[in-house]
Every structure is written in C-alpha cells, then in structure tokens.
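Bear in mind these aren't lab numbers, they're just calculated from the coordinates by the rules spelled out. Please read these numbers as outputs of a predicted model, since none were measured by experiment. Cβ placement follows ideal geometry from the backbone for every residue including glycine, while neighbour counts extend to all protein chains displayed.
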Amino acid sequence: MQNEIAVFAGGCFWCTEAVYQDLRGVVSITPGYTGGASQNPTYDAVCTGTTGHAEVIKVEFDPAEISYRDLLEVFFGTHNPTTLNQQGNDHGTQYRSAIFFASPEQRAAAEKIIAELTTDDAPIVTTLEPLDVFYPAEDYHHNYYARNQNAGYCTAVISPKLKKFRGAYTRLLKNV
C-alpha cells in the first residue's frame, strides 16, 4: 500500500506537529501553510491574518498502519473544533479548524465524522477545503516542540496537550 497525505489545521502548527509525531504509521510531518490566496506566504505574513492561509501540518502516513479515520479522531480530539478562528489564546483565521482534503474519499470521511460529533449544543465549525498548494513553513518551525521543550509556550501549552493526548490515544502511539 502506498503512503497517503493528510493536511490538518487545528490551531498552532507546533502543537499539532507534536501530537502527530507520536502516532504509529506517521512517516513524516511538515508544518506549513495552505488555504490562502497569496503565493509563498511567510510566517510573519500569515500571522497578520490577511493572507487567508491557515497554519497546517502535512502528514504523510502509511494507511496499512494507521487509518485516515484514526487521524481524524486524533484531530478532533486534540483541539476545539467548536470555536471559530480560535484555539486557546491564538485568534485569527490562520488558527481556524480545517481539514484540507486530498481526495473525495477524505472529504467523505471528514463529513462522516463531523456528522457523528456535531450536537446542537456544540456545532462543529471545522471547514472542509480542497487541498491546493501547500507551502512548507520556515525551517525553524520544523520539529519545534522537540527542539524547544523548555520554551514558555511549549511548557504551558504543548506539554499538557501531549500528556492528555497520550492518555487518550494509547492504542495509536508508536512506542507503547
């Protein structure tokens, strides 16, 4: 079976990258930008919220080891898909909850899980957008948590998220 690609926007890409790095079947993760109109966006430009791009991760995965459905469950379980353009203290369209589907099958799988999770009290605001051009983020964003675990944002936001994630998704972890 050939590897596949999944692209998710669930707030800050440092957080989502750290979560997906722990999953078995994940071959590689690239933080970057997609969903906007300008070409070759930079972090500084995306942070203004004016480019239309979202901070995303591109996940290359082996579907023989982990399913797209499992990746979606982790996506919905590790960020708040009910807040529009916000994750924690991060605000703006660049932090929106979005799935950038690479195939009709990915779109259908995302629609199915959204329908399962949506309630009247907590409607899912995650957008489904076709994957167009993906721009890798600048090098210093790659493996950010692994290289900066003692930085303030990492200890305050990412480390607690990882602890919660690892407890909830033990069956999907690499080193269990």
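Under 5 Å from the amide H of Ser97 lie the amide H atoms of Asn85, Gln86, Thr127, each residue being 5 or more positions distant or on a separate chain, with H modelled from the backbone and absent for Pro and chain starts.
Could you tell me the relative contact order of segment 1-142? Use alpha-carbon pairs under 8 Å, at least six residues apart, and round to a whole percent.
Relative CO of segment 1-142 lands at 33 percent.
Report the FRET efficiency, 1/(1 + (r/R0)^6), for Ala122 and Ala168, where r is their Cβ-Cβ distance and R0 is 25 Å, rounded to 0.05. Once the sixth-power term is evaluated, E becomes 0.90. Taking a ≥ b ≥ c as the square roots of the Cα gyration tensor eigenvalues, with a/c under 1.5 meaning rounded and otherwise prolate when a/b beats b/c, else oblate, which class fits segment 44-132? Verdict is oblate for segment 44-132. Distant-in-sequence amide contacts of Val27, defined by a placed amide H-H separation under 5 Å and a gap of 5 or more residues or a different chain, comprise Glu60, Phe61, Asp62. Go through segment 134-146 residue by residue and turn each phi into a ³J(HN,Hα) via Karplus (6.51, -1.76, 1.60, θ = phi - 60°); whole Hz please, and just put x for glycine and proline. 3J(HN,Hα) across segment 134-146, in whole Hz: 9, 10, x, 6, 4, 3, 5, 8, 6, 6, 4, 5, 4. The distance from the alpha carbon centre of segment 1-73 to that of segment 151-176 is 17 Å, rounded to a whole number.
Each residue of segment 10-27 is assigned a 3J(HN,Hα), and the resulting list reads x, x, 4, 6, 5, 5, 5, 4, 4, 5, 5, 5, 7, 8, 5, x, 7, 8 Hz, derived from the Karplus form 6.51 cos²θ - 1.76 cosθ + 1.60 (θ = phi - 60°), x at Gly and Pro. Per-residue Cβ neighbour counts within 10 Å put Asp132, Asp22, Asp62 in the sequence Asp132, Asp62, Asp22, beginning with the fewest. Residues Val56, Val26, Val125, ranked from the fewest to the most other C-beta atoms within 10 Å, line up as Val125, Val26, Val56.
Using only Cα atoms, figure out Rg for segment 81-176 and give it as a multiple of 2.2 N^0.38 Å.
1.27
Each pair of Cα atoms in the chain enters the Kirkwood radius, and Stokes-Einstein at 4 °C and 1.567 mPa s then converts it into a translational diffusion coefficient of 80 µm²/s.
Between the residues Gly77, Ala98, Ile113, the greatest Cα displacement towards the positive end of the dipole of the chain, with unit charges on the Cβ of Lys, Arg, Asp and Glu, is found for Gly77. Counting every other Cβ atom within 10 Å of each residue's Cβ, Cys15, Cys154, Cys47 order from fewest to most as Cys47, Cys154, Cys15. Secondary structure note: in the chain, about 85% of the DSSP beta bridges are antiparallel. Lys/Arg Cβ at +1, Asp/Glu Cβ at -1, dipole of the chain taken about the Cα centre: which of Ala168, Val7, Leu128 is farthest positive-ward? Sorting the options by dipole projection puts first Ala168.
Computed from the C-beta positions of Asp139 and Asp44 and an R0 of 22 Å, the FRET efficiency is 0.90 to the nearest 0.05.
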